[in-house]
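Here is the structure we will look at, set down as C-alpha cells.
Computed from the coordinates by the stated procedures, all read-outs in this text should not be read as laboratory data. Just so we're clear, the structure is a prediction, and the values are computed from it rather than from any experiment. Don't worry about glycine lacking a Cβ; one is built from the backbone with ideal geometry, like all the others, and counts go over all protein chains shown.
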Amino acid sequence: MDLIRLPPIHSSMINLSTLPFRGAPYPHESGMGFALRMSNVNGLNGLYWLYKLLNREKLNHFLPEDIPAIATLFGCDADALSEKFVHQEHHEGDVSYSAHMHTINRHYLLRHLRPQLCPVCISEFGYTRSVWDFSLIGACHFHQCVLIDECPNCAKRIQWARPSLQSCTCGFLWHQTKLQRLDTSHPCIQFSQVIDCQLQPTCGIAFSETDAIPRFLTNLSLDVAFRIVWAFGIKTSDSDIVSTGVSRTILRTHQARHFTENAFRRLSRCLRGAMDQTSTLTTQIHMPSLYKLVGELESPSDLNSVGLLLSCLGVSTQKNRMRWQHKFNQLNLF
C-alpha cells in the first residue's frame, strides 16, 4: 500500500485526524514497537511516513514532544503512551533515563533505539516486549531461545525503520528464523525472568531456594541489578582491561549473553563465599564500578546487597564499612 501523503506538522499541533484503526499499547509493549505495529495495522509501510510527518530528520526515534501527536493519530492516551518510551532526564547536572517506569542511570544499559526481538514472540503475540529495550537482555524466557538483533538472511542489524514489524527490510519473515534454544536454568533465561518480573510485578514467577542468583537480583532495583551484572560480567579474563570506550558501549545481543553467563558464574562463586578464590575472583570483576555504585545508592536494600557482595569478595575494609554506615545514618535521618 502506498504511503499516506500528509503535510509535515509540528508535533505539538493538536488538529490531527485519528487513523481508521485505533489501539492502545499492550501492558508490556515498547513505544517504538507500538508505533510500528499500529502503522502496519493501518496499512502503512513502517515509520517513514510518521518521521516525515513530525519533521524528524533522524529516522530512528521520536522526541518527547512527539508523543501527543502520535497518541492522537493512533487514538490512545498520551500519558499511557509516554510510559512506553525511554526519556532522558536531567537533575542537578546528572543525566538519567526513565525506562518503563524505572530509573536507569547508565545509557549503555538501554538499547531502545537498537531493536532486538524474539522471532516466536513477534509471530505469536504480534508486538515487541519492553524487556527487549535493555541491553543486558539476550534471551526470551517465554520460548527459551536467544534474541536476535540482526537478520538471519541479510545479516544486517534490525532497524525500527523497516516496513513491517513481522519482517526485515530485506523481506525475511522472523518466524522463519532457526532458533537457538537454551535450557530453562540458563543464566540468560533466568535473568530475563528477573527483569520481566521487575517490569511486571504480577508476573507470577517464583524462584526456588536453589536459584540463589535470581533471588538475589530480584530484591534489587532494576538499575542496580543491571549494574551488578555488568560489573561481574564485563571482563573476559583476569588481564582484561576495561577502557572507557569499551565500558560505555551498548552491547550486541550475543555479547549480552556472554556478559550474563560470566556474571552469573562469578556471582555464584561470590555468594557461596568462595573465600579461598577471592584474589582470583576480584581480578575478574570490574571493582571500580562496584565502588562507584556504593556511592550512588539511596535504597537501604540496594546498599545492603552491594555491601554483602563486597564483603563476600573480602574487600569490606574499615573504610568501606564506615562509608556504608555513614550512608545508612544519613538515610535514617529522614
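Quick check on region 165-173. Is at least one of its residues touching a Phe, Trp or Tyr at 6+ places or on another chain (Cβ under 7 Å) and polar (S, T, N, Q)?
Scanning region 165-173 turns up at least one residue that is touching a Phe, Trp or Tyr at 6+ places or on another chain (Cβ under 7 Å) and polar (S, T, N, Q).
Looking only at region 34-67, how many residues end up being of a type in the set (A, V, I, L, M, F, W, C) and under 24 Å from the mean Cα position of the chain (by Cα)?
Adding up the residues that qualify gives 9.
Could you list, in sequence order, all residues of region 87-122 that are closer than 19 Å to Phe259 by Cβ and small (Gly, Ala, Ser)?
The one that is closer than 19 Å to Phe259 by Cβ and small (Gly, Ala, Ser): Ala99.
Six or more apart or on different chains, Cβ under 6 Å: which pairs go from a residue in region 106-127 that's buried (at least 21 other Cβ atoms within 10 Å of the Cβ) to one that's in a loop (DSSP other than H, G, I, E, B) and charged (D, E, K, R)? Could you list them?
Gln116/Asp149
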